[in-house]
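Just below is one structure, and these are the notes that go with it.
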Ligand code: IVH
């Protein structure tokens, strides 16, 4: 092996170890800067030496923005479900049944039931091969690219003694913190939030774009091993092995020696679970002896040696005092219940979300009712029922508001949407302030020194009505305002001025087109690199852009159809805000007008590199094959659907070598016999 390969292997090992310490052990062992430096060094070496490419490299864990379909994979061992029990009595019966069978007292491994989405990880010779969802239990979706972005999942195992082939089963979940952040971001762009962390985890895992997955903060916990032979005489010891090999297992596992100990475990976690940073909905009780597990076997659906005890959702009864309505920056109306304070799952609850008019109607929730509140995976609890018996005699159904509580405009509701909207975008105060707050936010224009309260203050004083007004602010307007001194006023003007340098893709996110989030804005800016081109783009052209579907395309068209928005854009232009992408120098025009789809893996380049090469030579990288596609750049393991569509539509299929020849880059024989591409471009 040569020096470069040794160095690459060394860096991969060190970075794997740092990831393990950080993501599995929660014990960071290097400064962020050091980690970034090692990662940069590895990236550079890998870029210079595509022959040492490895899909399991730590550099691959940031995801790729290439869209792909999921391949279906059959599980070697079916993925079973668990029998549920809802009472302690049923748990006692389960234990009784087993011990009648074995005629002795057994040990049970008690675990938490994680509320996420099940995953099966295949390892061959200690290396990660693929990750497959449960699907129908027999066949699932290969979501490996997405799962690689979850850094607590090892790509290369530590220690020794693993079976040559094994499937490690576990749960992918979204911790509360990531869930709250994701939903706040979704609400911000007018997307419906996820109902609970489980849906969010499942939805994220099926994302087509693994770079999005990488940002969403998923995590995983592993709780079972499937192989041709057991690796230990007990489940408890099997979990120890998983831990030794580098997997993240739960620290809430307890080996119980009697039904009383099982009950203690259940009681303890029934209350303590509310302190965990993730959602659990029960406990799983597993017979510990692996040989006995095999003897007991399974029904068609679930193993006979395990059972899940479901915790009762914690609820409390309290009185509904009043209902408020909040207006978001997109005009969406959210009803919020004010309650008589009540203790629930360790906190005092005063407010609960009511989601929308339909929910109020469905539950026939009325002011003055005694209501049941429940805490799910959300921080804000929800109302799940009404105690009709205690309803005051004079109670009347709650009439949902018809007009905006802030500006009095009549509300509208689209047929396919649950929420009401205030259409008065430019005259409704919380929408105006909300849009400016979004514009200045860190992920958008990052205008420091201006917070929500200052924006409100400037709005109240008539200094801000829309985002373009920011660039007209003058020192003498700001200094006299309460709480703002000379220094703060100068800071504000400086950061406003600095925002003129913010790249176009972030400006596009900042102006707040409904449904256009950060990622969509990036894709749009890459495909349609100026606001003028975007304004002129047809619906069809917008739909060509990756991640853009009908809903987003229509929203963009509606936005520019409003002359008030066009006026704001013109004022931003005059203020010097970036309304087009910085020019990247093209190497040639060889592929001008050509649309190319990439599929499979390649000998000499990673897919992001090929994408960059296409763009450097003026071509366009498309995500799926259609009538408009000129070439399908095919590598090993190409998606069968893509190949079939390309053949049917007569799209020309080219190899990596043919592609390199097209763009005028030749393959040359290296002295050590390895084929290497002589590159004019630097990666
Ligand atoms: S063991 C053969 N252990 O619950 C037994 N499952 O309702 C396989 N789950 O599909 C499951 N936490 O997604 C097991 N500690 C745990 C679990 C767990 C959550 C999920 C799993 C399974 C579902 C069954």
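Tabulated data
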quantity	calculated
Computed Kirkwood radius, in angstrom, where 1/r is averaged over Cα pairs of the stretch 370-485	18.1 Å
Approximate shape of the stretch 518-565 as ellipsoid semi-axes (Cα gyration tensor, √5λ), whole Å, largest first	16, 12, 10
For the stretch 248-300, alpha-carbon Rg over 2.2 N^0.38 Å	1.35
Label-point separation in nm, residue 298 to residue 103, each point 7 Å along Cα→Cβ	2.9 nm
Quarter of Cα convex hull surface for the stretch 505-636, i.e. mean projection, nm²	8.7 nm²
Cα-based equivalent ellipsoid, the stretch 298-359: semi-axes from gyration tensor eigenvalues, Å	37, 19, 9
Debye log10 I(q)/I(0) at q = 0.05 Å⁻¹ for the chain, Cα point scatterers	-0.31
FRET efficiency for residue 237 and residue 164, using Cβ-Cβ distance with R0 set to 25 Å, rounded to 0.05	0.80
Estimated [θ] at 222 nm from DSSP helical runs (n ≥ 4, -39500 (n - 2.57)) normalised by residues in the chain, nearest 500	-10500 deg cm²/dmol
Computed over the stretch 305-396, Cα set: Rg, Dmax in Å	14.8, 55
The chain: relative contact order in percent, alpha carbon pairs under 8 Å with at least 6 residues between	10 percent
Peptides ranked, highest mean first, by Cβ atoms within 10 Å: ranges 339-349, 612-622	612-622, 339-349
Stretch gain in nm, segment residue 267-residue 603, where the contour uses 0.36 nm per residue and the Cα spacing is subtracted	115.4 nm
Highest average packing first - 390-403, 466-479, 92-105, Cβ atoms within 10 Å	466-479, 92-105, 390-403
Stretchable slack from residue 324 to residue 483, in nm (0.36 nm times residue separation minus alpha-carbon distance)	54.3 nm
Sites residue 402 and residue 275 - FRET efficiency at Förster radius 35 Å, r taken between beta-carbons, to 0.05	0.25
Per-residue Cβ neighbour rank within 10 angstrom, fewest leading, 280, 156	156, 280
Förster radius 41 Å - calculated FRET efficiency between residue 5 and residue 540, Cβ distance, rounded to 0.05	0.30
Stokes-Einstein translational diffusion, the stretch 15-119 - Kirkwood Rh over all Cα pairs, 1.567 mPa s, 4 °C, in µm²/s	66 µm²/s
Nitroxide proxy distance, nm - points 7 Å out along Cα→Cβ at residue 30 and residue 618	4.3 nm
Computed log₁₀ I(q)/I(0) - Debye formula, equal Cα scatterers, no solvent, the stretch 599-656, q 0.28 Å⁻¹	-1.29
Dmax and Rg, reported as Rg then Dmax, of the stretch 354-394 (C-alpha, Å)	10.9, 35
Gain in span if fully extended, residue 14 to residue 571, counting 0.36 nm per residue against the direct Cα distance	195.4 nm
Computed over the stretch 234-373, Kirkwood Rh from alpha-carbon pairs, angstrom	19.1 Å
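Quick note: the coordinates plus some simple rules give every number you see, no bench work behind them. As the structure is a prediction and not an experimental result, all values here were calculated from the model. Every residue, glycine among them, receives a Cβ derived from its backbone with ideal geometry; neighbour counts consider all protein chains shown.
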